[in-house]
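**Q** I'd like to ask some things about the structure below.
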């Protein structure tokens, strides 16, 4: 009786080929999963904030009538406690003095971004029930199209808390609250004292001026807008 079988050499060669294929495709699969997870988590946060704002409007009136200057530069916690935090499910609060010293944030271009929104030294950091952390609610005066000062709140969020990479465009994203545009991704209106786009402009989110565009030569401050305008997906030209 003649029984055919693979030799040990043939088995080893086959396993080697499989190993090479897995090694080549695994990073790509991991990358796709991370992108999908990031976009999904960011969309979830946006939805949670939208719901919180709607609830707040029932008590405090429409967002266009909110007092964005309440508390001023040094006390934006008053703004959050008045308009936002009562309508969110918060499981933990970090005071500035409790913030881990070894946690740092980087821009998309690799530069240090701790100073954006004073994320390490500002008001309490709020951890939501799903682990998302609101790092800062930073008050700024923006400049509108008529060159007039207008108040705005920058909202910085880390979708996975203290976990790495702690980088804008990867797990850290910026939003804004303004009287005329409501709750929107950074880059719309007059975010951070800089005139942005009057609407949702993909090219502006990707290549916006003042070094804030969502590309690896700039700081990635507008990346939430790019993901949002791409229907909550991370496209092939996204600077991952």
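**Q** Out of curiosity, is residue 203 under 18 Å from residue 93 (Cβ atoms), surrounded by fewer than 24 Cβ atoms within 10 Å (Cβ to Cβ), modelled with pLDDT of 90 or more and out of contact with any strand residue (DSSP E or B) (no Cβ under 6 Å at 6 or more places or on another chain)?
**A** no
**Q** Applying the selection to the stretch 100-116, what residues are closer than 17 Å to residue 138 by Cα, touching a strand residue (DSSP E or B) at 6+ places or on another chain (Cβ under 8 Å) and either surrounded by fewer than 15 Cβ atoms within 10 Å (Cβ to Cβ) or at pLDDT 90 or above (or both)?
**A** The one that is closer than 17 Å to residue 138 by Cα, touching a strand residue (DSSP E or B) at 6+ places or on another chain (Cβ under 8 Å) and either surrounded by fewer than 15 Cβ atoms within 10 Å (Cβ to Cβ) or at pLDDT 90 or above (or both): 105.
**Q** Another question about this same structure. Could you list all residues from the stretch 58-82 that are crowded, with 17+ Cβ neighbours inside 10 Å and under 29 Å from residue 213 (Cβ atoms)?
**A** Of everything in the stretch 58-82, those that are crowded, with 17+ Cβ neighbours inside 10 Å and under 29 Å from residue 213 (Cβ atoms) turn out to be 63, 66, 68, 76, 79, 80.
**Q** Across the stretch 213-240, which residue is surrounded by the fewest Cβ atoms within 10 Å (Cβ to Cβ) among those that are within 11 Å of the chain's Cα centre (by Cα) and assigned to a loop (DSSP other than H, G, I, E, B)?
**A** 220
**Q** May I ask you to verify whether residue 150 is under 17 Å from the mean Cα position of the chain (by Cα) and in contact (Cβ under 8 Å) with a residue 24 or more places away in the chain?
**A** When the stated conditions are applied, residue 150 does not pass them.
**Q** Something else about it: Let me spell it out: the conditions are (1) in contact (Cβ under 8 Å) with a residue 40 or more places away in the chain; (2) within 15 Å of the chain's Cα centre (by Cα); (3) more than 26 Å from residue 61 (Cα to Cα), and residue 156 meets all of them except one. Which number is the exception?
**A** (3)
**Q** For the stretch 83-99, which residues satisfy the criterion of being exposed (fewer than 13 other Cβ atoms within 10 Å of the Cβ) and part of a loop (DSSP other than H, G, I, E, B)?
**A** Once the filter is applied, which keeps residues that are exposed (fewer than 13 other Cβ atoms within 10 Å of the Cβ) and part of a loop (DSSP other than H, G, I, E, B), the stretch 83-99 yields 89, 95.
**Q** Right, another one. When the residues of the stretch 183-200 are narrowed to those that are under 17 Å from the mean Cα position of the chain (by Cα) and farther than 18 Å from residue 231 by Cα, which ends up modelled with the highest pLDDT?
**A** 191
**Q** From the list 181, 119, which residue is buried (at least 17 other Cβ atoms within 10 Å of the Cβ), in contact with a strand residue (DSSP E or B) (Cβ under 7 Å, 6 or more places away or on another chain), more than 21 Å from residue 217 (Cα to Cα) and free of Cβ contacts under 8 Å to residues at least 24 places away in the same chain?
**A** Matching residue, one of 181, 119: 181.
**Q** In addition: Mind counting the residues in the stretch 61-94 that are at pLDDT below 85 and under 21 Å from the mean Cα position of the chain (by Cα)?
**A** So the count comes out to 2.
The values are calculated or read from the model by the stated rules, or taken from the named source; none is laboratory data. Predicted model, so just to flag it, every value in this text is computed and none were measured. All Cβ positions, even for glycine, are placed from backbone atoms using ideal geometry, and neighbour counts span all protein chains on display.
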